[in-house]
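The values are calculated or read from the model by the stated rules, or taken from the named source; none is laboratory data. All values derive from a computational prediction rather than experimental measurement. Here Cβ is always computed from backbone atoms with ideal geometry, including for glycine, and neighbour counts include all displayed protein chains.
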């Protein structure tokens, strides 16, 4: 059965809310930030009165989720091997592989800045950089041609159309080539409470040794959290995808890849940290807008996405994986 995205045709966004809970116990470790710690904030339950304000927590940020949604695309068992590649259902998509001394060191999918990775644009071998410059044309002044940018990104790295890119190089349209994320996500917890604990790093040989060098008994404080509600939010900007002007078959591919990332993350990527491991609470329909849309299963996506990729293969580079030689 082919994937059916007809319920999304007149919608500007696909909004999903997925309820989560800790896989074991009730405590979890949120993301932390330098000089800030856990990102707590004053949330709102329903209304706007004092009684509606609750203690909330950012469990996982949008930038971290973007990387996690890319990570589930990669076949981790192949990393470092000669057949290092994306998972089987996504094989054939366009992306850039970076090599040094004949060995793969990274790819545009694995890099936080996607196609704007310094390993792709900052090396001394400018072959690929000059190719990008030639295909994007001279756009130093005037409005940036977003459709030309989207067409070029599709050719070399289709995931940059999903997760956004900022080609901040003055030689490329004066550093103005950027696309926001079409797929964004974050995880929040509401009605949170701090679960304080601690421990001691033991040194039975020299308990009073210098702790600055790792010796001695070292007590430590630890903060985890509990929550009444934990939700993973996903936002797919359908209007942005249509604005690329790449046609329906590309739109279907981008939607299919995006939902594939979401479903695979929910199945295999919810162990965010050692002490932060979640599972989905309910398999009920997660679509909030449009509520009529039924999310395809991971199994149906795995079966159908290869056909969507094949339908767009003439728009990708040939071969679809572009090798870039990195030299400092």
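Checking 272, 266, 295, 301 one by one, the residue that is assigned to a loop (DSSP other than H, G, I, E, B), within 19 Å of the chain's Cα centre (by Cα) and in contact (Cβ under 8 Å) with a residue 12 or more places away in the chain is 295 and no other. For segment 106-149, a tally of residues being over 21 Å from residue 176 (Cβ atoms), outside any loop (DSSP other than H, G, I, E, B) and out of contact with any helix residue (DSSP H, G or I) (no Cβ under 7 Å at 6 or more places or on another chain) returns 3. Picking from residues in segment 258-268 that are out of contact with any strand residue (DSSP E or B) (no Cβ under 9 Å at 6 or more places or on another chain) and modelled with pLDDT of 95 or more, the one that is surrounded by the most Cβ atoms within 10 Å (Cβ to Cβ) is 260. Across segment 9-44, the qualifying residues are those that are surrounded by 14 or more Cβ atoms within 10 Å (Cβ to Cβ) and farther than 30 Å from residue 113 by Cα, and the one among them that is modelled with the lowest pLDDT is 43. Every listed requirement among (1) within 16 Å of residue 157 (Cα to Cα); (2) surrounded by fewer than 20 Cβ atoms within 10 Å (Cβ to Cβ) is met by residue 254 save one, (2). Looking only at residues that are surrounded by 17 or more Cβ atoms within 10 Å (Cβ to Cβ) and over 24 Å from residue 246 (Cβ atoms) in segment 288-328, which one is modelled with the lowest pLDDT? Residue satisfying both the conditions and the ranking: 326. Elements of the type strands (runs of 3 or more DSSP E) sitting completely within segment 159-239 and holding at least 1 residues that are exposed (fewer than 14 other Cβ atoms within 10 Å of the Cβ): these cover 183-201, 218-237. Scanning segment 89-105 for residues that are in contact with a helix residue (DSSP H, G or I) (Cβ under 8 Å, 6 or more places away or on another chain) and either in a helix (DSSP H, G or I) or surrounded by 15 or more Cβ atoms within 10 Å (Cβ to Cβ) (or both) yields 89, 90, 92, 93, 94, 95, 96, 98.
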